[in-house]
Amino acid sequence: MASEYDRREFEAALRPTRAIVDLGAISTNIRTIKASIGPTVDLMAVVKANAYGHGARFVAKTALAAGATDLGVATVDEGTILRRAAISAPILVLGPIDQSEYPSLLANNLSPTIARLDQLDNLLSALPRLDAVAPVHIKLDTGMRRYGGSHDEVMAIARRVAAHPALHLAGLSTHFAEADSEDLTRTDEQLRQFQHLVEQLGAEGIEAERCHVANSAAVFASPRYHRDMVRSGIAIYGLQPSPAIALPPPMRPAMRLVSQIARIIQLLPGDRIGYGGTHLVTAHAQAALVPVGYADGYRRGLSNQSWMSIRGVPAPVLGRISMDQTVVHLPNQFHLRPGEPVMVFGADEAPSADDLATMLDTINYEVVTGIAVRVPRVYLNGEEYVGVERLSG
Ligand SMILES: *Cc1c(COP(=O)(O)O)cnc(C)c1O
């Protein structure tokens, strides 16, 4: 715990509650995925939602340096942030785009995912010059019933893209609903529908530059889902797509949340802790105030059930988690003072993101994307300090 980088990061003029992101872990995860898909398959690093809470700018640059070829975001705004960070790799907006956003999409050289014919009109009317060529990815709904066009819609969109001199059919995609399931029957049925589309377009002489269907779960489920490019999100952060899918070594989680003891609290029998007094103290004990709360993404649903780790010893949460503060029971074998480091999740004896997800009846995706922007991100490469991102810039 008390290693060189811990001291340095806690000495910096920064709030002690921080997400530590190991960019070395991101690189290792990217390289391991690259090794498993092979040299002929491209890798899109999905960095939507501020890189699943890890911080999009640092993660995107690290992923590209480690071998990712493309980036995926959910919104035009998310793509714009990356362009402002001088990233020039292809960036695909995976979700639907409002009509008003096409000029900004094109100005930032972002690629849209098209699923309706009228979206092409929006794209074309936003083209800045007559000789400009806009890359287009078209998405087929093969069973997710979320974003994506029907077979006939996609055929019509693809014909129009292929025939238009200002449009380039850069990609054809679909998205799996159950690639994390042990039973891949329905995933294969989705793939079959996708393949049918590819063949029908091929019969008309229409071919996309790259086909892409796999999310992280599908990457590890089978090479038959890899096609020309995979779109991996959760795995690049070192988190499992589902409890059933283990990531191969040496992949590992990149994020941990740390804090510091802000106050030692002497507890007497009969005391009650926090809002609603939901924890009743029955014996003399010591507790510690930790300046992290549900507004940081340390969710209130963890009240009275989660724990943190102090000097490698579990420290259970006592009472309700407030917006900005939480009280934990102190391991009584130590004489501790304010300033003592606390591991909130992701390392030592603290819960993993998966453990918190289980307590909250959700998935690890929601735990890490929920870490609020007010929590500074401190970037390390292994033990080495790389940089910091915080709300005030
Ligand atoms: C978010 C997203 C992904 C990444 O999914 P993971 O399960 O995190 O790998 C891939 N494709 C699309 C279309 C997405 O929206």
(request) Would you work out which of HIS226, GLY238, HIS335 lies farthest towards the positive end of the dipole of the chain? Charges go on Cβ: Lys and Arg +1, Asp and Glu -1. (result) HIS335
(request) Could you work out which residue, out of GLY293, GLY270, GLY53, moves most in a Gaussian network model of the chain, that is, has the largest mean-square fluctuation with Cα springs under 10 Å? (result) GLY270
(request) Please identify every one of the trypsin sites (Lys or Arg not before Pro) in segment 305-393 that sits in a loop by DSSP and has no more than 12 other beta carbons within 10 Å of its own beta carbon. (result) none
(request) Calculate, in nm to one decimal, what ALA166 and ASN332 gain on full extension: separation in residues at 0.36 nm each, minus their alpha carbon distance. (result) 52.8 nm
(request) Have a look at PRO103, ALA51, VAL388 and report the one farthest towards the positive end of the charge dipole of the chain, computed about the Cα centre with Cβ charges (Lys/Arg +1, Asp/Glu -1). (result) VAL388
(request) Could you work out which residue, out of THR187, THR278, THR75, moves most in a Gaussian network model of the chain, that is, has the largest mean-square fluctuation with Cα springs under 10 Å? (result) THR278
(message) Relative contact order for segment 167-246: what percent, with Cα pairs under 8 Å and sequence separation of 6 or more?
(response) 32
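For the chain, what proportion of DSSP beta bridges, expressed in % and rounded to the nearest 5, is antiparallel? Show your work: numbers first, answer last.
Details: 30 of 60 bridges.
Counting DSSP beta bridges with both partners in the chain, the antiparallel share is about 50 percent.
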(message) Apply the Karplus curve 6.51 cos²θ - 1.76 cosθ + 1.60, θ = phi - 60°, to the phi angles in segment 229-236 and return the couplings in whole Hz, x for Gly and Pro.
(response) 7, 10, 10, 10, x, 3, 5, 5
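How would segment 176-217 be classified by its alpha-carbon gyration tensor: rounded, prolate or oblate, with rounded meaning a/c under 1.5 and the a/b versus b/c comparison settling the rest? Display every interim value, and only then the final one.
Working: a/c = 5.47, a/b = 2.07, b/c = 2.64.
It is oblate, given that a/c is not under 1.5 and a/b is not larger than b/c.
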(request) Specify which residue in the list GLY274, ILE363, ALA134 is farthest towards the positive end of the charge dipole of the chain, using unit charges on the beta carbon of Lys, Arg (+1) and Asp, Glu (-1), about the Cα centre. (result) GLY274
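Read-outs: derived from the displayed coordinates by stated rules, not from any lab. Quick caveat: nothing in here was measured; it's all calculated off a predicted structure. Cβ coordinates were reconstructed from backbone atoms using ideal geometry, including for glycine residues, and neighbour counts include every protein chain displayed.
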